[in-house]
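Note sheet for the following structure.
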Amino acid sequence: MGSLIINGDNKLEGVVKVSGSKNSALPILASTILTGREYIIKNVPDIDDVRRMLEILTLLGCKANYDNGICYINTKGLDTYDITDELSKKLRSSIIFLGPMLCRNNIAKITYPGGCDIGSRPIDLHLSGLRQLGVDVKEEGDFVLCKANNPHSGDVKLNYPSVGATENLMLFAVGLCGKTRILNAAKEPEIIDLQNYLNSCGYNLIGAGTEIITIYGNDNEVPDNVEEYSIMSDRIEAGTYLAIAAATKSKICLKSIEKEHMKCIINLYKKVGCLIDDVGDYIYIINNGRINAIDKVVTSPYPGFPTDLQAQVMSSLCIAKGISIIDETVFENRFKHVKELNKMGANIKVDGTLAIIKGVNKLHGANVNIRDLRGGAALIIAALSAEGISTLTNIHHVFRGYEHLIDKLTEIGADVKISE
Ligand code: EPZ
């Protein structure tokens with residue numbers, strides 16, 4: 001599985017080009033099965049989750065190639081409605097094929113994605129939303145069989161603004177005749193990117209980014225304008241590098257970012273004492289000393305503080321001056337990195353959804369175990385700031401979501417090596 005060896009405590013300096021967004025690319029790649037056409041999707045990050053999505057598309061009978069940031073996809077050959085293959089079991093995000101598959105074939109069979117390292121990850125909101133639109137849902141052990149025998153447009157209410165459920169409902173409703181409104185929709189920027197992509201393909205959606213998304217669906221006319229589309233930049237990768245700069249007392253310039261998506265994380269690091277210049281189409285962060293603690297960070301659906309940056313921020317707060325509190329309200333099991341950070345000399349206590357971080361002067365290198373994508377990023381941040389050498393095992397978790405990670409870190413002066 002491979003480990004990362006990091007010799008920490010180096011001041012870092014340089015420019016990082018932020019990649020395309022993983023959480024925007026995955027639903028957009030899944031949406032290509034809506035109609036059997038050709039698609040060219042640009043600025044797609046070369047990460048394991050994208051590679052698996054392309055493998056699933058191929059298993060479904062489609063053509064899917066990746067070359068230098070661009071996906072060339074042709075879904076004419078889609079020859080099944082069954083997405084229960086071994087591969088889809090390995091990629092939780094394959095649930096996002098449910099909506100477009102139902103739209104294309106009126107039937108879909110998918111493996112129940114099951115839990116992962118950050119929580120149980122149920123799909124009840126996806127299924128209740130589809131039922132509200134006339135889909136017959138049968139949960140059969142590991143599988144879910146959905147049939148759109150009498151689908152209809154109309155209002156569909158989400159009890160919680162689930163990102164994936166919102167995306168699945170958007171991708172199903174584009175094929176329904178009439179107006180569908182998703183109420184209490186997720187407002188993440190990746191939802192806006194999906195709407196922009198679908199509209200570039202000829203569909204008609206409005207309201208993404210607000211709590212009501214309206215889809216003017218059509219069950220006969222299939223849009224046929226093949227648009228080249230470029231994925232938006234990854235706000236979570238960008239925020240991760242801000243946390244790296246804050247933790248290693250460095251100067252980093254982030255390019256190719258969309259700042260309006262990063263207000264929470266920019267304001268947090270300004271508040272704890274980093275100098276951030278976010279005037280142009282870049283963000284320049286300088287941190288010369290120990291950051292201050294922050295009273296409380298509460299993760300919540302967008303535009304709240306992103307749960308996907310919780311671990312990285314915690315890592316940078318381990319060496320802050322004072323006591324910080326993080327309240328993780330989105331996922332029920334997203335503190336797996338705490339035990340590992342404490343092995344490096346951090347002083348963190350968990351009490352339910354709260355993590356209480358008492359800042360220490362310095363962390364020290366240690367052998368730690370990566371358990372999930374963003375927890376792994378947190379351990380990399382800690383190792384970069386720690387005195388001495390750290391070994392981080394199971395590095396494959398991090399390669400799921402961070403493109404060219406070793407190269408980007410090395411280019412800004414980090415002493416990072418991979419060991420098999
Ligand atoms: C997306 O996951 C992201 N993944 C996650 O990023 C991100 O953490 C999450 O949204 C929240 O922003 C992708 O976009 C591929 P949710 P998703 O449905 O859609 C509960 C990363 O690190 N829930 O908004 O699965 C769920 O258990 C990943 O890049 C239900 O109860 O998130 C969780 O507690 C991790 N029933 C909360 O809602 C449902 O049917 C938020 O989940 C669905 C979700």
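Values computed for the structure shown
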| item | result |
| --- | --- |
| Positive minus negative residues near Ala320 (Lys, Arg vs Asp, Glu; Cβ under 10 Å) | +3 |
| Size of charge dipole - the stretch 22-230 - debye, nearest 20, with Cβ of Lys, Arg +1 and Asp, Glu -1, no other charges | 280 debye |
| Radius 15 Å from Cβ of Tyr241, net charge of other residues (Lys, Arg +1; Asp, Glu -1) | 0 |
| Calculated [θ] (222 nm, deg cm²/dmol) that DSSP helices of n ≥ 4 give over the chain, each run adding -39,500 (n - 2.57) | -8500 deg cm²/dmol |
| Simple Cβ-charge dipole of the stretch 157-276, Lys/Arg +1 and Asp/Glu -1, about Cα centre, in debye nearest 20 | 940 debye |
| Entries in Lys259/Lys339; Lys263/Lys408; Lys187/Lys296; Lys90/Lys179; Lys42/Lys249; Lys187/Lys251 that, when Cα-Cα distance is taken, lie over 27 Å | Lys259/Lys339; Lys90/Lys179; Lys42/Lys249; Lys187/Lys251 |
| For the chain, share of DSSP beta bridges that run antiparallel, in % to the nearest 5 | 70 percent |
| Value of relative contact order over the chain, rounded to a whole percent, pairs C-alpha under 8 Å and six or more apart | 21 percent |
| Among beta bridges that DSSP assigns inside the stretch 235-369, antiparallel share in %, nearest 5 | 75 percent |
| Alpha-carbon Rg with Dmax, taken over the stretch 135-239, Å | 14.7, 44 |
| Apportionment of accessible area to carbon and sulfur, the stretch 287-377, percent (1.4 Å) | 52 percent |
| Lys, Arg +1 and Asp, Glu -1 on Cβ, resulting dipole of the chain about Cα centre, debye, nearest 20 | 1120 debye |
| Listed residue (Asn347, Leu392, His337) projecting farthest to the positive dipole end of the stretch 327-420, Cβ model | Asn347 |
| Local electrostatic count, Gly365, Cβ distance below 15 Å [Lys/Arg +1, Asp/Glu -1] | -1 |
| Convex hull per residue volume in Å³, alpha carbons only, for the chain | 124 Å³ |
| Positive-end residue of Gly209, Leu102, Leu268, charge dipole of the chain with Cβ unit charges | Leu268 |
| Hull-based mean projected area of the stretch 22-230, where the convex hull spans the alpha carbons, in square nanometres | 9.9 nm² |
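The values are calculated or read from the model by the stated rules, or taken from the named source; none is laboratory data. Computed from a predicted structure; not experimentally measured. Because the Cβ atoms are built from the backbone with ideal geometry, glycine has one as well, and the counts that use them run over all protein chains shown. The protein model used for the area step is the full one, side chains on, heavy atoms only, and it has no ligands, DNA or RNA in it. Shrake-Rupley method; radii C 1.70, N 1.55, O 1.52, S 1.80 Å.
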